[in-house]
1. Solvent-accessible area per residue for the stretch 38-189 at a 1.4 Å probe radius, Å²?
2. Test of understanding: what is the full-extension gain from Ala138 to Ile77, defined as 0.36 nm times their sequence separation minus their Cα-Cα distance?
3. Calculate the FRET efficiency for Asp58 and Ser189 from the Cβ-Cβ distance with a Förster distance of 41 Å, rounded to the nearest 0.05.
4. Mind listing the phi-derived Karplus ³J(HN,Hα) values for the stretch 68-82, rounded to whole Hz, using 6.51, -1.76 and 1.60 with θ = phi - 60°, and x for any glycine or proline?
5. Can you give the log10 of the normalised intensity I(q)/I(0) at q = 0.15, 0.23, 0.27 Å⁻¹, computed with Debye over equal Cα scatterers of the stretch 130-190?
6. Starting from 0.36 nm per residue, how many nanometres of slack lie between Thr67 and Arg178 once their C-alpha separation is accounted for?
7. Does the stretch 63-121 come out rounded, prolate or oblate by the C-alpha gyration tensor, with a ≥ b ≥ c the root eigenvalues, rounded set by a/c under 1.5 and, if not, prolate when a/b is larger than b/c and oblate if not?
8. For the stretch 178-190, take each phi angle, set θ = phi - 60°, evaluate the Karplus expression 6.51 cos²θ - 1.76 cosθ + 1.60, and give the result in whole Hz per residue in order, putting x for glycine and proline.
Amino acid sequence: MTTHITHWVTLAALSTLLAACGGSGSSGSTTDSPNNDTVDVTPDTSSPQESTVPASMDERSQLLLPTHINHRPVSWIVDTDDAPLELVKNEQGQLTLHSKDVVEDTPVELVASDTSRHSLTIKEIDAQKLPPKPKFFAARETIEGIDSDGNGVRDEVEHGLYELYGENFQLYRASLWRANEFQMMIEVSGS
């Protein structure tokens, strides 16, 4: 007898909860439909959807994209020509946006299959680390030149290498290392 009452109370509670959430239950829900078995639920489209993508990401970083928006599965495409981005899907089905090297902040557009558009800026981080560009004649007064960041490469050479190889981080870093070796050879030969 106790088990039967417990099942009935559980069913009544579930029916009430279902009716409160917009479903139909045996306890009867108050709706405007004639047969009282269905409830019309109109989604709220008056409020704008928030973007599920952040406004920016750093170059050479990754961003996990949502695979569902508003409980619906979505796919993504990059809607910017020559965007330094790559979409990668892993074994778990997660979609990751990989950013490559950029020479300056680069705006890109992502489009989800639900037709929502998302603007994203890839932040260039290497140019922010460059030392200030020295004046032309001041940089050439001595063999050592001006090396304000103390990395063994003249500041104007760093800027020049960044202009040449800034889109390829590995090549840029290798050229800085090589420039450091040349700078040491010049200084040794000049003394």
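1. 67
2. Contour length minus the Cα-Cα distance gives 17.1 nm.
3. Approximately 0.55, to the nearest 0.05.
4. Residue by residue, the stretch 68-82 yields 9, 10, 6, 6, 10, x, 10, 10, 10, 9, 8, 9, 9, 4, 6 Hz.
5. Here the Debye-derived log intensity ratios amount to -0.42, -0.94, -1.18.
6. Contour length minus the Cα-Cα distance gives 35.6 nm.
7. Since a/c reaches 1.5 but b/c is at least a/b, the shape of the stretch 63-121 is classed as oblate.
8. 5, 5, 4, 5, 5, 4, 5, 5, 5, 5, 5, 6, x
The values are calculated or read from the model by the stated rules, or taken from the named source; none is laboratory data. The shown structure was predicted, so the numbers you read here are calculated from the model rather than taken from an experiment. Positions of Cβ are backbone-derived with ideal geometry, glycine not excepted, and every protein chain shown enters the neighbour counts. Surface areas here come from the heavy atoms of the whole protein model, side chains and all, with no ligands, DNA or RNA. Shrake-Rupley method; radii C 1.70, N 1.55, O 1.52, S 1.80 Å.
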